[in-house]
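Take a look at the structure set out below.
Each reported figure results from applying straightforward, stated rules to the coordinates on display, with no laboratory input. What you are looking at is a predicted structure, and each value in this text was computed from that prediction instead of being measured. Glycine also receives a Cβ, built like all others from the backbone with ideal geometry; neighbour counts cover every protein chain displayed.
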Amino acid sequence: MVEARGHARKPTVGGNWKMNTTLETAVALAESLVRSLGQTLQVDVVLCPPFPNLEAVYRTLEGSTLRMGGQDVFWEDAGAYTGEVSAPMLVAIGCSWVIVGHSERRRLLGESSEIVNRKLHATLRNDLNAILAIGETYDERHAGQTEQVLEEQLRDSLAGVSRDQMPHIVIAYEPVWAIGTGETASPEQAQDAHVFARRLLAHLIDEEVAATTRIQYGGSVTSSNAAALMSQPDVDGALVGG
Ligand code: PEP
């Protein structure tokens with residue numbers, strides 16, 4: 001049995017700014033978050049601006065506890081890969097995190113879990129922390145395939161990852177039907193999926209990893225539903241896009 005309670009899992013809250021900021025709005029948003037959350041120690045707060053905004057946002061975050069992440073990363077560290085950004089480049093610009101496997105990349109850009117896995121390995125070998133996103137579509141949920149999809153995504157994305165690397169990974173359960181739609185998973189739906197993902201971690205790696213890995217929820221999180229979602233025993237934070 002996975003022990004769901006009693007482990008002090010530090011919550012992680014991520015902001016996925018997608019392709020929605022300009023340089024000016026990114027800096028203004030970062031400045032306002034530094035003012036409101038900039039000395040927070042109880043929660044890991046990770047801001048993920050678009051690549052061209054990273055340098056300016058990093059300067060804004062200096063001296064605060066807020067951390068910065070890329071929204072994506074390429075699986076090779078350098079070479080002839082036009083348009084791609086590598087993990088060493090993210091480190092050099094001040095990132096300590098990166099999102100891998102976001103459903104918009106899986107769905108719109110055809111990223112398979114095998115590609116996500118290669119990106120995850122690039123992330124970890126360059127000492128970055130990963131937010132690994134998994135989640136089912138509306139059709140998959142209504143066809144009763146949620147658990148099968150989560151299992152495939154988690155197993156294939158984590159292939160070859162050692163238990164020692166797991167503290168550098170936060171899982172983001174992001175049901176695709178809830179992302180950017182205004183339709184949120186209920187706290188019970190989120191809790192059920194998180195417990196399922198935690199059991200999978202126990203099966204794939206071991207009970208201790210299952211009990212200590214942070215699993216955050218993403219999908220239309222707002223100030224009015226965040227508290228109810230995060231009060232669930234297996235919901236260890238949120239990934240917020242909108
Ligand atoms: C996301 O993009 O990871 C996300 C959760 O988006 P939103 O909050 O807009 O649903």
Check: What about residue 99, is it closer than 22 Å to residue 134 by Cα and in contact (Cβ under 8 Å) with a residue 60 or more places away in the chain?
Finding: yes
Notebook entry, point to check: Would you pick out the residues in segment 202-242 that are β-branched (Val, Ile, Thr) and under 21 Å from residue 17 (Cβ atoms)?
Noted result: 221, 222, 240
Notebook entry, point to check: Restricting attention to segment 108-130, which residues are outside any helix (DSSP H, G or I), farther than 17 Å from residue 153 by Cβ and touching a helix residue (DSSP H, G or I) at 6+ places or on another chain (Cβ under 6 Å)?
Noted result: 126, 128, 129
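Do we have any residue at all in segment 155-170 that's closer than 22 Å to residue 119 by Cα, more than 17 Å from the chain's Cα centre (by Cα), aliphatic (A, V, I, L, M) and away from the ligand (no atom under 16 Å from the Cβ)?
Yes, some residue in segment 155-170 is closer than 22 Å to residue 119 by Cα, more than 17 Å from the chain's Cα centre (by Cα), aliphatic (A, V, I, L, M) and away from the ligand (no atom under 16 Å from the Cβ).
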Next item on the list: Keeping to segment 213-239, report how many residues are within 15 Å of the ligand (Cβ to nearest atom) and in contact with an Asp or Glu (Cβ under 9 Å, 6 or more places away or on another chain).
Entry: 9
Next item on the list: Taking the options 193, 227, 185, 172, name whichever one is part of a helix (DSSP H, G or I) and either buried (at least 21 other Cβ atoms within 10 Å of the Cβ) or touching a residue at least 24 places away in the same chain (Cβ under 8 Å) (or both).
Entry: 193
